[in-house]
1. Within region 41-59, which residues are surrounded by fewer than 19 Cβ atoms within 10 Å (Cβ to Cβ) and within 13 Å of the chain's Cα centre (by Cα)?
2. Search region 115-126 for residues being more than 20 Å from ASP85 (Cβ to Cβ) and within 14 Å of ligand 2 (Cβ to nearest atom), and hand back the single one that is surrounded by the most Cβ atoms within 10 Å (Cβ to Cβ).
3. When you scan region 1-114 for helices (runs of 4 or more DSSP H) that lie fully inside it, which ones turn up with 1 or more residues that are within 16 Å of ligand 1 (Cβ to nearest atom) and without any contact (Cβ under 8 Å) to a residue 12 or more places away in the chain?
Amino acid sequence: MAPRYYTVSWDQLHRDSKALAWRLVEKGPWKGIVAITRGGLIPAAIVARELDCRLIESVSVITYDEEVRGEPQVAKPPVAAGDGDGWLVLDDLVDTGTTLKVVRGLLPKAHFATVYAKPAGNPLVDTYITEVSQDTWILFPWDTEPQFIAPIARSAASK
Ligand SMILES: O=P(O)(O)OC[C@H]1O[C@H](OP(=O)(O)OP(=O)(O)O)[C@H](O)[C@@H]1O
Ligand SMILES: [Mg+2]
């Protein structure tokens, strides 16, 4: 079955990331943020600004090639976050949970947060903002661009 799509604009991503920061500020203080690259980098920058946090680490896990999931590979482990105690791990979304499982293995004591979550992955996240169904593909603003769409009357006429 073709997936449904949930399109996220830059404005919405900013709003949802700030909503995440409101939830996380109550749970701190945090030693620093570990961003899961690449998708976690932009939410991490927004949350770091709101939490006044200047210590940012990264971990790189490669799981997907476009919409196709493969075996996860750690391309860069975190170096400064120890076992994760007092650290916040941020990603744009959790889908199957494959990526977070790998990072949880590296940082077992960290707090895990994502902006969006699908049901299969949401038990792996400590804090998230918006849940979408498992068969929904989230389209992030960095993966999309606006394009011309024909007027309704014209596309109806061609049916
Ligand atoms: O819960 P999962 O099924 O593991 O899926 C979620 C992960 O997939 C995407 O990353 P991707 O591997 O596409 O890499 P990217 O962030 O570099 O685009 C997304 O940014 C999450 O990190
Ligand atoms: Mg990612």
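1. The answer is LEU41, ALA45.
2. So the residue we want is VAL115.
3. On the way: elements: 10-25, 41-51, 98-106.
Here the list reads 41-51, 98-106.
The rows are residues; the columns are (1) small (Gly, Ala, Ser); (2) under 20 Å from ARG15 (Cα atoms).
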{"site": "LEU55", "(1), (2)": "no, no"}
{"site": "VAL61", "(1), (2)": "no, no"}
{"site": "GLY70", "(1), (2)": "yes, no"}
{"site": "LEU88", "(1), (2)": "no, yes"}
{"site": "ASP92", "(1), (2)": "no, yes"}
{"site": "LEU100", "(1), (2)": "no, no"}
{"site": "LEU124", "(1), (2)": "no, no"}
{"site": "ALA153", "(1), (2)": "yes, no"}
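Read-outs: derived from the displayed coordinates by stated rules, not from any lab. Values in this document were obtained by computation on a predicted structure and should not be read as measured data. In this analysis, Cβ positions are derived from the backbone assuming ideal geometry, glycine residues included, and neighbour counts consider all displayed protein chains.
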